[in-house]
Structures are given as structure tokens and as C-alpha cells.
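Just so it is clear, none of the values below were taken in a lab; they were calculated from the coordinates. Since we're looking at a predicted model, the values are computed, not measured. Reconstructed Cβ throughout: ideal geometry from the backbone, glycine too, with neighbour counts over all protein chains shown.
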Amino acid sequence: MPLDRKIAFINLTAEKIKVKPIPVALRKKFLGGRGINMHLLSRHYTPSLDPFSPDNPLIFGAGLLTGCLSFGSRLSITAKSPESGHLGDSNMGGDFGAELVKAGFSHVVISGKSPNPVYIVIQDNQIEIRDAKKLTGLDTLETQKKLRSALKDDKVQIACIGPAGENLVRFAAIRSGMKSSAGRTGMGAVMGSKNVKALAVRGTRDIKLSDPKKYLPYYLATMKSLAGTKWAQALGKYGTPLLFSRANALGILSIRNNQSTSVGDQGYRLAAEALELYSTGMLACFSCPVHCRHRFVIEKGQYQGTRGEGPEYGSIGSLGSKLGNLDLENSMYAIELCNRYGLDTISTGSYIAWAMELYQRGIIDQKVTKRPLVWGDRETITDVIHQIAHRKGFGNILAEGPFAQKVFGAASRDYLMEIKNSPIEMTDERLPKSFALGMATASRGACHMRSRASIDVLGLPEEVLKKLYGGPVSNDLASYTGKGRMVWWHEVLNAVSDSLGICRFLTVFSSPHALQYREFSRLITLATGLDLSPKVLKQIGERICALEKIMLVKDGISREHDTLPKRYFDEPIPEGPARGAFISRNEFDHMLDDYYRLHGWNKNGVPKKNTLKRLGLKT
Amino acid sequence: MKITVDRKRCSGCHLCELVCSLFHGGSVNPEKSAIRIKKDDLTTSMNMPILCRQCKEMKCLPGEKAEGEREKKKFIWDKSRAERCPFGALPVFGNKAYHCDLCQEKPQCVKVCTTQAISVR
């Protein structure tokens, strides 16, 4: 049963491994994945905890339904973030999470630090720490190939770091397969700080379900209705790049570090249709009926031979349009470089964009950058990526992420589009107000996935939205009305789906007809025997959000940090389809008040005593 | 009845393996399914679903007294037969081979394949 899976505590300093069962009471409180990860992190989280300290636990957590016949099979990776200095959490698809579960484990907590590079092998209830000297310096693909060869099993799934993680680049990712990445918040740097190059897992154990006879027909019926939605069909054909044209038409892209928000009729160059020319098929994560990942190859030209999976809209936007770069092949190559080095594509693009704007404004010059930083300069983009991964030259400064402002000077601060020290992504949120609030409140710093309240983009009747959200919500994406409610609702739902290992794209995200509490509840009952009603599940989501907030409050995070870059308030969008859009401070405050009220948090965003009592949490 | 494969359509999701094992064995375990997705996910090569082709001349059975028609309806076979399959379409785990019994004429894997990489002919 999914409830039989164990939790492994690996202390690298003491060279000790403890395996423990997961109490059912803990499952009922936090489910698995992100929820249990947060519970585990909260026990160690203090404001003084240095993210690179051996005491910072690096926690891998598969969702409660990961590995089952489910809707995706995702895994969360959690620690204190060396990029932001606050809560770090990243979520990864692919096959790794499912393999971990098949090996008998749900969670792995790595603490301490190994004196030498090591990798950790987990095979059917067995865990072993092995020497990784021969893997040092290898990129993420070479590492995986070598490990599969060494373990003589091509079904081994590997989560590893590349040179960026080894070199403690603050926004290094953990990568699995050709593309799956726990990209955001620098979890790869935490792994590097512990001298862990990779986790290699292989499992062949049965996953027994509580009621297999009923589970199968329920799954098939649910899957059929989900896979038939327009959203799933479009995603299965184009992948996330389909969002690029829509974002460009609305004027919600980040162009040249949010100095503009659309590239107008030039958008076709980075659109999903342009990517189709390179696509050789569509792939799926383990146990996902939607298959939204392209497989691509560039067959001729300067980047001939570049091949991989994806690229995703977030990466194309971050290393393409955000940098004023509309050369799709160059951005595909840059993305693949990041993947190989184990760099987060979104953060990498964002810090380069920041530096380019500083250079444009004369805040930094070639004394610092050692080269001109010109918008859209293809060679600069790829060269700087090499430098960041190896911490060479100017790259060594950018590898510090937001902390590079120590070198760039105080004037650089206003041009770093960040929230809670984490950079804003490929988008601009001045027009869509729910996106804007969701970015401001996301517990891991700027993040479009924490809430990703986007249904108002569809222009559905407001009665439909009212029924879904339990209160009035405007169907105009530029309106502030009800958007606090929307963000609250999605944050809570997503905390639950992340704890089940179900992919965001298959839940209520861009379609009101996709999976949510009712379906989650039924799947959990049939898979595990746990009777968790939709109401109870929602409370679990609230609990996870509150626990994350408690950790942030410990860091001194308060209302003034749940905000947006100055530019969003003070500079209306100068041109393009969203021209004139900006965020009103007054209206933003009202949205934030609503959002806090619905969470049961006070005006400063601190969970109230009675909220904590209701959720069974301590401060 | 026969299940045909269009390998270019396979997304590598493994849902067919999961459904097969759950339907026959009551547990989810891709190692105990009669269909397998062969893939090298560290290259950009195509995925390949592999399962019994329901050959008229069953080269997996020569020398045995077993009757083909009766054996075709069985899911778990002895692993010695796997070695005789010219297509490598009888996956082995432990001392058992897993043979596609077509789920009593209602193949479950086909129901879950959203790309139609496997279909009934």
C-alpha cells in the first residue's frame, strides 16, 4: 500500500542511515510529497540556519499517489534555499519519484555533509552510499549515463547535479532524465554543498492498492473525461509552449527584464508552431495521460545536433524573450546548456536579464561584466551561461543570484525583479491581477506555479467562477475583484495536489472541469483506504500553506514582503497590448487583505492563533 | 483479436504497464505486466511498446504438450517460454514470464493509451 512506504534519514557526517515508517497520523495531516516535506523541514528551520550548512536538510518527497496508477508521479525537493535565504521547494516530474516509491520509499532526508563526493543508491529497501569521485565535473546527462552503466541497469532512475550544483551556484537545479528538473530555489546547490552528486533508485516492489477492483474503473473513467478536455488535448499536442502566443497577445511576457511585455507580431518566432519544426514526438511523465513534453532535435545550422526534451514555455520565455532574444534555436541551445550544467533556466535567464538592464542603464559596465551585455546577443547569452556554471569571471558574480547586488551596488536593487529574494519569471503580471497577487504571496518567492490562478483568462461566466471559488470572482483578468479569493483557493488546492504527486496541469488550473478535491478524495480512499473527505483535504491544504507561512514568519517575512517589484506599481506598461496596465497599491492591498482573511492570517500575514489551533499547528 | 503497436505514437507514460499489472494481479507493478515500454530516456530515440503478437504459429510452445488456444488465455507463463519467443515479447520477472491474455477480449491497456500507440485489430 502507498501507506507502507518508508522514510529514510541519511546523515552523511555520521555515515548513518535510519529507516522509519511514516505514521498514518502524519499522512492524515500532510499526505506526502510537499506536505510531509514541509513538516520535516519545519523541525529544523530557523532564521540562522545557513542553507549551505550541513544542518540544512535536503528532503526528497514523493506524493502519496506517486507511483500508483495516477495523474503524473511527481516529487518535491525541499530545503532552506541558498538562492533566496528563505523557504526552498521545487517539484519535479518524470520517472524518478515513481521509482523511489517502487523501491519502498516515500521520503529521503539527507543531512550532514560527506567529506568526499558520493552518490546514494536506493534499491528495493536497501540504501548504500558510494564514492562518486569518477562522476565529479560531469554534466547531468553524462552523470546519468555513467551511473546506469556502473549499476548495469538501464531502468535506474537518477536525480543528479551538474557542475553548477558542484560549484554551489545559488540557483542550481537537480535534474533527472533528459529534462525533468527540480529547478527553482537552488536545491541543486544544497545537494552540492553536501557533496552528493546523485541519487540512483531502482524498485521492483508491488504497490498494493486498498480496493483495486474499484480503483481501476474509477481511474479509467476519470482519466477519460480529463484527457478529453480541450486543455489536455492542446497541451498534449503543443506542450506548454502553446502559452507563449497567448501571453504575447495579452501583453503579459517579460521582455528585456519587464521593460516591455509583448514582442507583437514577432511573437511567431518563439511560438509553439515554430517549435513544431524541431519536434520528433511527444513524451509523458510516468503515469500521465497528457504527454506534454516535446522531444526535439536541431538538425542543421550553428546548433546542429542539439537534442533534448521540451523546451518549456517558462524556459523559452526566460532565455528568449526576457533577454530580447527571439532566436528560437539559440534559446533551445541555451536551455539545453542549462539542463546539462544543472542550472535553473528561469533564474539563469532572470539574472542575465537583470545584468543586461543594469548595463543598459550604465549601473554596471565592462569593468564588472568584462564584455558588452547587449539585449538579444546570442553569443553573450551562451557564454555567460558557461561562466555561471563554472563560476568563471563575470559568471562568478551572477552565480550569487540576488546576492550579486553586493557587487552591482545599491542602484541595482530596483532593477532586480524579485519577490522574497527570488526572481520573477518569464512573465509580467501588471495586467492579470490574480497572477500578480499569486506571485507576491507565493511561499517560495516569486513563483507562477504556487497558485497559478489563471481561469479568469478563459472569460467564463461569473456564475461558474462563483460556484467554483465559493464567492464572487470577476471574469476579467484585469479586474481586482475576487482575485484574493482566487489565489487563496488555488494555493490551497495546489498544496494538496503537490502532496499527492498529481501534476498541476491535470488539476483545476486552466480548466474548471479538471481534477480537484472530490476526485482526490476518491482516489485516496480507493488507493490507501484512508477516508479523507474533500473538506478534510482542503483543510490539509490550508495546513500546509500555514506551515510554510510560519517558517517565513520566523525569517521576518511580513506583509511588506508579500509584494511586487516597484516597477509593477510605478511604471505603467509603456507599449503593446497591455499598454497602461499597472498595479494600484490601494487595490493590491485590498486583494491582499482578502487573501489573508480567507487563509485565517492577520493583517501582517501571520497565521492567527485560532487558525493554528483549528489546523493543529504550533508556532 | 490482436493488439497492434504504432511505436511513433508511444509517449512512454507506462500507464499500459500499470493497468495490466493492476488488472491481473491486483497490485501496481510494471515488472509484472505483459506489456512493456522499452525506452532509453537518456537519448531522443523512440519508445517501443512490446507485447505478445498472438502468433498463429506459436514458436514459444514447441516441444510442450500445452495447447495453444488454452495457453493463450493464461497471463502467467513459465519463463522458459520467453527464451523461445523470437520477438522478445514475453517479459520475465523472477521465475515467471508475463503473457498478454488480451484480458478476456477486453484489453485494459488499450483503454488507457491516450495516444493510440496500441490499438485492437
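For this structure, a couple of remarks:
- Cross-link reach list, aspartates and glutamates versus residue A:538, counting only Cα pairs under 16 Å and skipping chain neighbours closer than eight places: A:491, A:498, A:519, A:548
- Less than 5 angstrom separates the built amide H of residue A:70 from none of the residues sequence-distant by 5 or more or on a different chain.
- Summing charges over neighbours of residue A:570, with a neighbour being any other residue whose Cβ is under 13 Å away from its Cβ, gives +2 when K and R count +1 and D and E count -1.
- Across peptide B:41-54, the average count of Cβ atoms from other chains found within 10 Å of a residue's Cβ is 3.
- Summary of packing: across the peptides A:24-33, B:97-106, B:13-22, A:607-616, the per-residue average of other C-beta atoms within 10 Å ranks them, highest first, as B:13-22, A:24-33, B:97-106, A:607-616.
- Chain lengthening between residue A:460 and residue A:269 when straightened (0.36 nm per residue, less Cα-Cα): 65.8 nm
- Estimated distance in nm for a label pair at residue A:277 and residue B:59, the labels positioned 7 Å out from Cα along Cα-to-Cβ: 4.5
- Peptide B:8-20 - average C-beta neighbours from other chains (10 Å radius): 6
- Stretchable slack from residue A:392 to residue A:533, in nm (0.36 nm times residue separation minus alpha-carbon distance): 45.4 nm
- Fully extended contour minus Cα-Cα distance, from residue A:613 to residue A:371, at 0.36 nm per residue: 81.5 nm
- Radius of gyration and Dmax over the Cα atoms of segment A:242-423, both given in Å: 16.3, 52
- Taking amide H atoms as placed 1.01 Å from N in the peptide plane, the amide H of residue A:364 lies under 5 Å from those of A:359, each 5 or more residues away in sequence or on another chain.
- Here's the picture: a label point sits 7 Å out from the Cα of residue B:67 along the beta-carbon direction, and within segment B:79-110 nothing has its amide nitrogen under 14 Å of it.
- Normalised by 2.2 N^0.38 Å, with N the number of residues, the alpha-carbon radius of gyration of chain B equals 1.01.
- Derived from the Cα gyration tensor, the three semi-axes of the equivalent ellipsoid of the protein assembly as shown are 41, 28, 26 Å, largest first.
- Estimated FRET transfer efficiency (residue A:582, residue A:406; beta-carbon r; R0 30 Å; 0.05): 0.50
- Stokes-Einstein D for segment A:281-362, Kirkwood Rh over Cα pairs, 37 °C, 0.692 mPa s (µm²/s): 241
- Basic side chains Lys and Arg get +1 at the Cβ, acidic Asp and Glu get -1 at the Cβ, and with that the dipole of segment B:3-120 about its Cα centre reaches some 120 debye.
- Working note: Karplus 6.51/-1.76/1.60 with θ = phi - 60° gives segment A:565-578 the couplings x, 3, 4, 5, 8, 9, 10, x, 4, x, 7, x, x, 9 Hz, where Gly and Pro are set to x.
- Segment B:21-76: C-alpha gyration tensor shape, a/c 1.5 cut-off, then a/b vs b/c: oblate
- Residue A:53 versus residue A:478: modelled label distance in nm, points set 7 Å from Cα along the beta carbon direction: 4.9
- Entry note, chain A: the mean residue ellipticity at 222 nm calculated from DSSP H runs of n ≥ 4, each adding -39500 (n - 2.57), is -11500 deg cm²/dmol after division by the residues and rounding to the nearest 500.
- Each peptide among A:534-544, A:446-456, A:71-81, A:499-509 gets the average number of other Cβ atoms lying within 10 Å of its residues, and from highest to lowest they stand as A:71-81, A:499-509, A:446-456, A:534-544.
- Looking at chain A alone, DSSP beta bridges between its own residues are antiparallel in about 80 percent of cases.
- Peptide A:272-284, shielding by other chains (average Cβ, 10 Å cutoff): 3
- Of all lysines in the structure, the ones whose alpha carbon falls short of 25 Å from that of residue A:367, not counting any fewer than 8 places away in one chain, are A:322, A:392, A:406.
- Dipole of the protein assembly as shown, positive direction: furthest Cα of A:77, A:512, B:30, with charges on the beta-carbon: B:30
- Put a dot 7 Å past the Cα of residue A:383, heading toward its Cβ, do the same for residue A:246, and the two dots end up 3.8 nm apart.
- For segment A:2-202, fraction of C-alpha pairs farther apart than 31 Å, in %: 8
- Take each peptide in A:578-587, A:162-171, count the other Cβ atoms within 10 Å of every residue, and average; sorted highest first, the result is A:162-171, A:578-587.
- Zone residues, segment A:418-440, relative to residue A:559, backbone N less than 18 Å from point 7 Å out along Cα-to-Cβ: A:420, A:437-438, A:440
- Under 5 Å between amide hydrogens, built in the peptide plane, is the criterion, and for residue A:601 it picks out A:608 among residues at least 5 positions away or on other chains.
- Theoretical FRET efficiency, 1/(1+(r/R0)^6), r = Cβ-Cβ of residue A:590 and residue A:302, R0 45 Å, to 0.05: 0.35
- On the basis of the beta-carbon distance and an R0 of 22 Å, residue A:597 and residue A:468 show a calculated FRET efficiency of 0.70.
- Candidate lysines - alpha carbon under 19 Å from residue A:194, same-chain residues fewer than 8 apart omitted: A:16, A:18, A:80, A:113, A:133, A:134
- 14 Å beta-carbon shell around residue B:95, net charge (K/R +1, D/E -1): +1
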